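Reviewing the structure listed below.
The values are calculated or read from the model by the stated rules, or taken from the named source; none is laboratory data. All values reported here derive from a predicted model rather than from experimental measurement. In this analysis, Cβ positions are derived from the backbone assuming ideal geometry, glycine residues included, and neighbour counts consider all displayed protein chains. All accessible areas refer to the heavy atoms of the entire protein, side chains included, with ligands and DNA or RNA removed. Shrake-Rupley method; radii C 1.70, N 1.55, O 1.52, S 1.80 Å.
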Amino acid sequence: MERWSSNLGFILAAVGSAVGIGNIWRFSSVVGQNGGGAYLVPYFLAVLCFAVPLMILEMAVGRHLRSSVVSSFALAGEKLKIFGWLICLIVLLILSYYLVIMGWTLAYLTFSLLGRDIAFSAFTSSMQPVAYFLISALATGIIVSLGVREGIERIVSYLIPLAFVILVVLVIFCLSLPGFRPGMDFFLRPDFSALARPGVWSAAFGQAFFSLSVGMGILITYGAYMPENTDIGKSALIITISDIAAALLAGTAIFSLVFTFGLQPTAGAELAFTTLPKAFELMPYGSFFSIAFFALLFSAALTSAISMMEVNVASIIGETGMTRRKASLILTIILIITGLAPALSYSQVDLRFQGLQILDLMDETVGTMGLPIAAFLVAIIFKWFMKPDVQKGMTGTAEVWLCTLNFLTKYAIPAVLLIITISTLIGL
Ligand code: PFF
């Protein structure tokens, strides 16, 4: 089995998976639509009490079993393997529309570099989104085919530091903008009345799992390549802090810009591609910041897409013994086929199902429902069916923490995930 060259390699890859479009684009639009700062309370609660313990469980399983998701499920019970494939399918479907959005970020990076000013509506009424989707899928496939060290670790060791440098530079610039204070007021001022809305809670939980890439077997896969002496608790802390920092920095920059230029903070999904380019047009050094912002979005998306692809590639290799190159090639072809529909839905073709664009439909079904289902399976299978309890093997962790983790991952997390899934199903 391949290994990261060091613990840092593992951490960078895991941060690369966590920090993605979810932190920069999804987080600010969800905050904007859910009462600004009020949303941060359930979000932090979801991160600390639910996402982090599950992240620790996944890493412990990965390091202990040193297997892909499907093979790990098989080790818990041969009949459970099918659930491993189900998780792979959910990840694959999420990845197929994630690559479409990654294509948009690449397109806007290209437009910024060329100094072209193209409205999102003009872009999505051409065939360009499909072309950029294909480039994104190929780039992801090629990097994964190069291997854990030569492909994934090498690329994240450039892109993750770059992403954080860009974020910090953006925020420093935004501190001097007149919209900084009102922006922060909106972003961080708690509006506790929003907490009474159940929708805010399920949005916060969904975002916490999505943002930290937890519950999708990514950390089982990446954890299988980590060095023997890795401190799992400390690694989880570093990954979580980096992910939260990226989201807060991005939110600071985005809301300062939005309030400086009198734009709409509740624009939702359109925020990054329609609202912000307007701000870049109006601000000093706008073209530089536009390039920086879309380079940041693209780097973050690429390192997350790589992790989703690796879950599937590792499972195919583990189950069939196929070479990495062949597995990556097959998977890239499958992704191009499954991603075509969401790509076409935001193009000239305007592909829809029952009036809804396919990409939105996929996000509202697999993106929203698939994640809690996958996370539920991970918790149940590794806490109830797996013997021995892999968390017991986490040496150096105090007994009280192990008991808390055990309680959360065995009882509290599956219960909450079940409630979220059922309430989403019945449309609460
Ligand atoms: N965590 C990534 C983000 O915030 O954009 C997205 C993501 C990656 C979600 C991997 C799910 C996943 F399995």
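Determine how large the accessible area of Cys403 is when every protein chain is in place; take a 1.4 Å probe and give Å² rounded to the nearest 10. We get 80 Å² for Cys403. Considering the range 92-239, its Cα convex hull presents a mean projected area of 13.0 nm². With a ≥ b ≥ c taken as the square roots of the eigenvalues of the C-alpha gyration tensor of the range 65-160, please select rounded if a/c is under 1.5 and otherwise prolate if a/b is larger than b/c or oblate if it is not? Here the range 65-160 falls in the oblate category.
For the range 267-379, the spread of Cα coordinates along the three principal axes comes to 55, 36, 34 Å, biggest extent given first.
I'd like the distance separating the alpha-carbon centroids of the range 247-313 and the range 143-216, in whole Å. Taking the Cα centre of each part, the range 247-313 and the range 143-216 sit 10 Å apart.
The separation of the range 1-32 from the range 57-86, counted between C-alpha centres, amounts to 22 Å. A Gaussian network model of the chain, with springs between Cα atoms under 10 Å, assigns the largest mean-square fluctuation among Ala279, Ala415, Ala374 to Ala415.
Solvent-accessible area of Met184, all protein chains in place: 30 Å² (probe radius 1.4 Å, heavy atoms, ligands and nucleic acids excluded). Seen against the Cα atoms of the chain and their longest principal axis, helix 81-114 is set at about 30 degrees. Rounded to the nearest 500, what is the 222 nm mean residue ellipticity of the chain from helices alone, with -39500 (n - 2.57) per DSSP H run of 4+ residues and division by all residues? The helix-only estimate for the chain comes to -21500 deg cm²/dmol at 222 nm. Taking the Cα centre of the chain as origin and assigning +1 to Lys and Arg Cβ atoms and -1 to Asp and Glu Cβ atoms, the resulting dipole is close to 520 debye. Annotation: average projected area of the chain is 19.3 square nanometres, based on the convex hull of Cα atoms across all directions.
To put it simply, the accessible area of the range 7-427 at a 1.4 Å probe is 69 percent carbon and sulfur. Applying a DSSP loop filter and a limit of 11 other Cβ atoms within 10 Å to the trypsin sites (Lys or Arg not before Pro) in the range 103-211 leaves Arg116. Among the listed pairs Lys79/Lys383; Lys326/Lys410; Lys81/Lys234; Lys81/Lys410; Lys234/Lys326, a Cα-Cα separation exceeding 28 Å is found for Lys326/Lys410; Lys81/Lys234; Lys234/Lys326.
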